[in-house]
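Asker: Here it is, the structure, as structure tokens.
The values are calculated or read from the model by the stated rules, or taken from the named source; none is laboratory data. Every value quoted in this text rests on a predicted model; they were computed, and no experiment measured them. In this analysis, Cβ positions are derived from the backbone assuming ideal geometry, glycine residues included, and neighbour counts consider all displayed protein chains.
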Amino acid sequence: MVVLYEYERYYIAHDALMLLTLVPTLIFFFSALCLARHRKDPARRAFTYLKAAFAFLALYIFLDFCGYGLALAFTRIQYELYYDDYEDLLKAIGLAQSNTFTVARFIESIADILTFMMLLRLGTGILLVKSGKPGKLDKPLKLISYGVAALLAILALAQFGLRLHFFNKFIVTDTSLTESDSNKLIDQYNASRQIEFAFRVLIFVLALGIVGQSVMVKLGTKSEPRLSLSANYMIAAAGLWLLRTVYGVASIAATTNFSDYRNDPIYENYYGILDVIFGVWPLLILLCLVFTLGRSKNNGLWSTEHSYMMDGAGDPQAPMGYGYNNQGIPPPMQQQSPTTRHDSIQAVPPPQQHQSAYYLPPEQYQQQQYQTQPQYAPQHQQYQQQQYQQQQYPQQQQIYPVQSPVSHTTSPPPHEDAMGLNHQADGTPPQVPPQPYYEKG
């Protein structure tokens, strides 16, 4: 039966927690690739950094899992087997373990930089949606954020390079090093830990700034109910990132002697569990919150409208007269009622006379009637005229009302003219006689 030491059991517990954390991280990462897309929306630049932060967090968890696994393998071989027989193997495992932890710390630093850029862009994106245009400080703030990110990346690269140099020199060639060379390497390693602490302090200061920005965004969007969800999510994410950065600074300060690593305080075994709870989980939760905001369509962060935000294929076409621009398009012809027997035996005057009969004063009307046609023709002449007009204008009987050739000046206009049915779209009477549909050119 294999007997495990206490710190080995903590190694296993740490790896179990990291493995459980890696699974949802990968799920959310692949989901973010499809659901939290940028969509060429200037307010959604934060979600580009979100996907990169998910990728680096997943890579960090995997490397940390491998590092603790190598540490467990190193202790098992060291205590269960003869050291002299497996000295080269132990050196190889020790070097792989140290380099894996070094790369994991560097990846974790990049994830923090991406988180800073994401939260900063999230705040500016919310304000962009509120105002409808970029703010005056957006461009300077963007340039400053790039400068700060570059400074943090330089610090991360510096501590990464110093540690790799130390482990590869100290572990591989430890027997051939002089005392002065060993002291130089130790000084380099101590410098790398000081740089790492400076990096964590700067991240903590930036987290405080992000919390302040989130509060300002929340206060500035009180009058916008559609942005309340985005502002609340940003405050929650900023608080979680502040918790992570506070723990990072406190843990390094409590377990590190910056002048000489050989005099470090005792590292408690449960620190590895606290690293997962207060270091990894807050970062994962805040990324999941931003992902939830990125995939939302109704109350999400959108500064422009897109067709995929709707339930259907697109906006239905508005009917004519309800916000529809119908300039240049003739109105549809009215449906003609079927001709009755009463309508077929009535005479209809020519359109020119019909038009002038209701738009002239009474005295001018009578003069025009005498000039255009005889008013007192015999009865048989009127009947012949009716038959002639019925043959000449067969289709217009369906359009014009029943009317005798001689009208009184005091008679009201027909129903079509009173309702404006024979008028054009602008209200004026037609300038040309209406024709049947099949006769129009």
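Asker: Across the range 81-94, which residue is modelled with the highest pLDDT among those that are out of contact with any helix residue (DSSP H, G or I) (no Cβ under 8 Å at 6 or more places or on another chain) and assigned to a helix (DSSP H, G or I)?
Answerer: Step by step, filter the range 81-94, then rank; the result is 92.
Asker: A further question on this structure: Any residue in the range 253-260 that is in a helix (DSSP H, G or I), of a type outside the set (Gly, Ala, Ser), modelled with pLDDT under 95 and touching a Phe, Trp or Tyr at 6+ places or on another chain (Cβ under 6 Å)?
Answerer: Here is the first cut: in the range 253-260, the residues in a helix (DSSP H, G or I) are 253-255.
When the remaining residues are screened for being of a type outside the set (Gly, Ala, Ser), the result is 255.
Cutting the leftovers down to modelled with pLDDT under 95 gives us 255.
If we keep only those that are touching a Phe, Trp or Tyr at 6+ places or on another chain (Cβ under 6 Å) too, we end up with 255.
Within the range 253-260, one or more residues are in a helix (DSSP H, G or I), of a type outside the set (Gly, Ala, Ser), modelled with pLDDT under 95 and touching a Phe, Trp or Tyr at 6+ places or on another chain (Cβ under 6 Å).
Asker: Please find, among 172, 129, the residue that is touching a residue at least 60 places away in the same chain (Cβ under 8 Å) and not in a helix (DSSP H, G or I).
Answerer: Of the residues listed, the single one that is touching a residue at least 60 places away in the same chain (Cβ under 8 Å) and not in a helix (DSSP H, G or I) is 172.
Asker: For the range 282-293, does any single residue satisfy the condition of being modelled with pLDDT under 85 and surrounded by 11 or more Cβ atoms within 10 Å (Cβ to Cβ)?
Answerer: Pass one, the range 282-293, residues modelled with pLDDT under 85: none.
Within the range 282-293, not a single residue is modelled with pLDDT under 85 and surrounded by 11 or more Cβ atoms within 10 Å (Cβ to Cβ).
Asker: Out of 78, 97, report the one residue that is in a helix (DSSP H, G or I), surrounded by fewer than 18 Cβ atoms within 10 Å (Cβ to Cβ) and assigned by TED's automatic domain parsing to the domain that holds residue 138.
Answerer: That would be 78, the only listed residue that is in a helix (DSSP H, G or I), surrounded by fewer than 18 Cβ atoms within 10 Å (Cβ to Cβ) and assigned by TED's automatic domain parsing to the domain that holds residue 138.
Asker: Please determine, by comparing only the residues of the range 35-51 that are among the aliphatic types (A, V, I, L, M) and over 13 Å from residue 119 (Cα atoms), which one is modelled with the lowest pLDDT.
Answerer: Our first condition is that a residue be among the aliphatic types (A, V, I, L, M); within the range 35-51, this holds for 35-36, 43, 46, 50.
Right, trim to over 13 Å from residue 119 (Cα atoms) and you get 35-36.
Working: 35: 76, 36: 63.
Top of the filtered list is 36.
Asker: When you go through (1) modelled with pLDDT under 95; (2) closer than 30 Å to residue 229 by Cβ one by one for residue 187, which number turns out not to apply?
Answerer: (2)
Asker: Right, something else. If you go through the range 215-243, how many residues are touching a residue at least 60 places away in the same chain (Cβ under 8 Å), charged (D, E, K, R) and either closer than 22 Å to residue 196 by Cα or in a helix (DSSP H, G or I) (or both)?
Answerer: Residues flagged as touching a residue at least 60 places away in the same chain (Cβ under 8 Å), charged (D, E, K, R) and either closer than 22 Å to residue 196 by Cα or in a helix (DSSP H, G or I) (or both) within the range 215-243 amount to 1.
Asker: Oh, and also: How many residues are basic (Lys, Arg) and over 30 Å from residue 45 (Cα atoms) when one looks only at the range 139-171?
Answerer: Residues that pass the stated criteria total 2.
Asker: Could you grab me the full set of residues in the range 259-273 that are of a type in the set (Ser, Thr, Tyr) and within 19 Å of residue 186 (Cα to Cα)?
Answerer: Residues satisfying the conditions are 259, 261.
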